Amino acid sequence: MKVTCLQENLSKGLGIVTRAVSPRNVLPVLGNVLLATEDGRLKLAATNLEIGITCWLGAKVEEEGSITVPARTITDFVNTLPNEKVRMTLDSRRQSLNVHCEAFTSDIKGVDAQEFPLLPGANLGDGIALNVADLREMITQTTIAAATDDTRPVLTGVLVRLEGDRLTLAAADGFRLSMREAKLSASVRDSVSVIIPARALSELARLVGDQDVTVWMVLPSGRGQAVFRLKEAELSSSLIDGTFPDFQPIIPRSYNTHAVLSTAQFLKACKAADIFARQASHSARLTITPGTGSEPGKLQVNATAAETGQGETVIDATVEGAAIEIAFNVKYMVDVLTVVNTPNVSLETTGPASPGVIRPVGREDFTHVIMPMHLGK
């Protein structure tokens, strides 16, 4: 293999694929990144067997070939190089990759590419176009509610449902539920419902970035995988077996108190409360009071820690309904308010023992449900 490409492109490509490298690998080759020539381009790939990421770079290919080299070694070395052309030459007998750029030269010991797990490509003819402008936002708004422990594996994933011209993403960890919907520009022929690991979707969101691009999702028959294809990159992920809980009954259909608040002010109040609440299981008391006469309604966020003290923030709110005191995990409140992208947000409550519902004001496509905590004295 003899191939030349720009340092900037190589560094960016390595930064993309090495996100799939796990620091704790059963197989040494899983700590490596694959470099291979393919259709006149340089292909980079990495996998931890759950997630695989592949990207293609423009390059001058003089000789075909492939090798895997330690991901950290080549990434760190390439990142030190000047922004010039990088020439890579494979010594197949020694399984060594020579990397040369200006005054810098290295020989990196590798492992035969035949030992690297195969990452089958996707047939876009069977793909579904996820051509929604805000796919990255959808992912960030739902993955926050996915479980981080493996007690119930289905809860570590995100339900991805396509039905007609609707795309629905939902995640729940038993304490909160996040659901986001979007309209596809074209209807799907057959309904699809799969559970994809939250981490895989988070990596997809990174790949999408701020690009307004079509992402193709392919579900290869019999492989238990989902493959997402962008223009110059591809992400494959194992699916999670199981049945996702029916989340619709969890969403309250009515409320006794409806408060509209500034998203930014509410977020600051919750962050301030969590300074004390983190020592008390992140529990904070919210007191909502309707306005009287010319006085606006109020929301008071209060948290107390036995060792460090107490914090309280009061912000204005437009309140309809009865006054209420309710306790929530304020860290969860920070999580959701961070991903709400509207100036104002609503909080709907029924009672101190019932779930609270957060929605962005002016949009009906995002719903976040938080279970209440015990209201201490």
Condition first: hydroxyl-bearing (Ser, Thr, Tyr) and over 18 Å from Asn344 (Cα atoms). Now tell me which residues in the stretch 256-288 satisfy that. Ser281, Ser283, Thr287
Any residue that is β-branched (Val, Ile, Thr), surrounded by fewer than 22 Cβ atoms within 10 Å (Cβ to Cβ), touching a Phe, Trp or Tyr at 6+ places or on another chain (Cβ under 8 Å) and touching a residue at least 24 places away in the same chain (Cβ under 8 Å) - is there at least one of those in the stretch 153-162? yes
Residue, farthest from Glu348 (Cα to Cα), within the stretch 289-315, restricted to residues that are surrounded by 14 or more Cβ atoms within 10 Å (Cβ to Cβ) and of a type in the set (Gly, Ala, Ser): Ala305
Being in contact with a Phe, Trp or Tyr (Cβ under 7 Å, 6 or more places away or on another chain) and among the aliphatic types (A, V, I, L, M) is the filter; apply it to the stretch 212-248 and report the residue that is farthest from Glu181 (Cα to Cα). Leu235
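Can you tell me how many residues within the stretch 138-150 are assigned to a helix (DSSP H, G or I) and β-branched (Val, Ile, Thr)?
Of the residues in the stretch 138-150, 4 are assigned to a helix (DSSP H, G or I) and β-branched (Val, Ile, Thr).
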Only one of Arg229, Arg206, Arg199 is among the basic types (Lys, Arg), closer than 23 Å to Asp365 by Cβ, modelled with pLDDT of 90 or more and outside the structural domain of Val361 (by TED's automatic domain parsing); which? Arg206
Scanning for something β-branched (Val, Ile, Thr), farther than 27 Å from Thr151 by Cα and not in a loop (DSSP other than H, G, I, E, B), does the stretch 236-258 turn up at least one residue? yes
Could you count how many residues in the stretch 71-118 are among the basic types (Lys, Arg) and more than 19 Å from Glu8 (Cβ to Cβ)? 4
Looking at the stretch 316-343, which of the residues that are in a strand (DSSP E or B) and either crowded, with 18+ Cβ neighbours inside 10 Å or among the hydroxyl-bearing types (Ser, Thr, Tyr) (or both) is nearest to the chain's Cα centre (by Cα)? Asn329
Which of the following residues is in the same structural domain as Ile326 (by TED's automatic domain parsing), in contact with a Phe, Trp or Tyr (Cβ under 8 Å, 6 or more places away or on another chain) and either assigned to a loop (DSSP other than H, G, I, E, B) or modelled with pLDDT of 90 or more (or both): Ala303, Ala273, Ala280? Ala303
Of (1) surrounded by 17 or more Cβ atoms within 10 Å (Cβ to Cβ); (2) among the aliphatic types (A, V, I, L, M); (3) in the same structural domain as Val314 (by TED's automatic domain parsing), Ala264 fails just (1)
The stretch 109-137 - residue that is in a loop (DSSP other than H, G, I, E, B) and crowded, with 16+ Cβ neighbours inside 10 Å and, of those, modelled with the lowest pLDDT: Ala122
Name every residue in the stretch 197-215 that is surrounded by 18 or more Cβ atoms within 10 Å (Cβ to Cβ) and not in a helix (DSSP H, G or I), in order of residue number. Pro197, Val215
List the pairs whose first member sits in the stretch 211-225 and is under 12 Å from Arg136 (Cα atoms), whose second member is surrounded by 18 or more Cβ atoms within 10 Å (Cβ to Cβ) and hydrophobic (A, V, I, L, M, F, W, C), and whose Cβ atoms are under 8 Å apart, counting only residues at least 6 apart or on separate chains? Thr214/Leu130; Val215/Leu130; Val215/Leu135; Val215/Leu204; Val215/Val208; Val215/Phe228
All positions within the stretch 357-367 that are farther than 17 Å from Ala264 by Cα and touching a residue at least 40 places away in the same chain (Cβ under 8 Å): Val357, Asp365, Phe366, Thr367
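The values are calculated or read from the model by the stated rules, or taken from the named source; none is laboratory data. Values in this document were obtained by computation on a predicted structure and should not be read as measured data. Cβ: placed from backbone, ideal geometry, glycine included. Neighbour counts: every protein chain shown.
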